[in-house]
1. Quick check on packing: order 52-65, 28-41 by the mean number of other C-beta atoms within 10 Å, highest mean leading.
2. Tell me whether the range 3-125 comes out rounded, prolate or oblate; compute the Cα gyration tensor, take square roots of the eigenvalues as a ≥ b ≥ c, and use a/c under 1.5 as the rounded threshold.
3. Please order 126, 120 by the number of other Cβ within 10 Å, starting at the fewest.
4. For 46, 78, which order do you get if you count the other beta carbons within 10 Å of each Cβ and list the fewest first?
5. Taking the number of other C-beta atoms within 10 Å as the exposure measure, put 264, 102 in order starting with the fewest.
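Every number here is computed from the coordinates shown, using simple stated rules; none is lab data. Keep in mind it's a predicted model, so treat the numbers as computed, not measured. Glycine gets a Cβ as well: all are built from the backbone with ideal geometry, and neighbour counts include every protein chain shown.
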Amino acid sequence: MQDVDVIREFLVESDENLSRLDQELVELEKHPKDVALLASIFRTIHTIKGTCGFLGYSTLEKIAHQAESLLSQLRDGHRELTPSVVSLILQTVDATRTVLACIESSGAEGSDSFDALTERLRAEARLTGFGTPVQRVTDFLDLNYVLQSAAGNWMQTTDGSVCGRRVLLADASAFSRGLIRSGLDMAGYRVSEASSLEEAIRGLERQPVDVVISTLDLSPDGTSTLVNAMRKRPEWGAIPPLALAEPAGPAQGAAMRAAGFQDCQQKFDRVAMIESLERLSSALGPAEAMSEMPVYAGGEW
């Protein structure tokens, strides 16, 4: 996916998410302890933050990161919803829309860094409704670390050829595939894509892969059906599957491992995803050597 297409999808999806968030905030003021509402609002901000990390929009990532810390306290029951917190969330939504409008019109985030807002969010997040300081570390590691951690997956051999792991990425959303794929590409993985269960099966039949990555919204019938199909075919039985969830907590991870996945990671945490791929790849033999860097076109290498 070209950068301009990724950005366009990001803007469209963010606008839809913020429109839904507006409605959820109205409901939240009526039902301040509604766990499902709080979780949905948190996921919206978390998705924006993760996407900005991929696209390099540092101002919006910084705003969303601080808002995420505050929302996680509400979601986890560590604080109560107060008028001041609601005001900060609304200001965050307004700032996010302002930055998105700048990106849509000029391709850049604009000159306003929103330092005052991010500082207020940071200060508020340090105090819970029960008077207890809360510290959260949710920063992404930098891209250099990601590339270094996967250095063994893409390397020059003594005869001048290159080698790399093949990954099948199965996700119903073209937008999500573009974001996830960008991290995999930069880390040296050779990626083919599938948007449905049927496409994933055809992809496995068409070419061998070393690891399968599948997200939870894969249709029809979900990701467990894909794992079950893989286990029924001897040639696919040894391929390790990695599940991506949004978010991926301990309970979700346990459910996915029970369904047959060997690991489960948060969908837009590129570092954790790469590290999981490294763990799964460590049990495999040497990566296949090729005479030249592969070129991706139309779903195939």
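1. Ranked by mean Cβ neighbours within 10 Å, highest first: 52-65, 28-41.
2. Details: a/c = 2.05, a/b = 1.57, b/c = 1.30.
Judged from the Cα gyration tensor, the range 3-125 comes out prolate (a/c at least 1.5, a/b above b/c).
3. Ascending number of Cβ neighbours within 10 Å: 126, 120.
4. 78, 46
5. Lowest count first: 102, 264.
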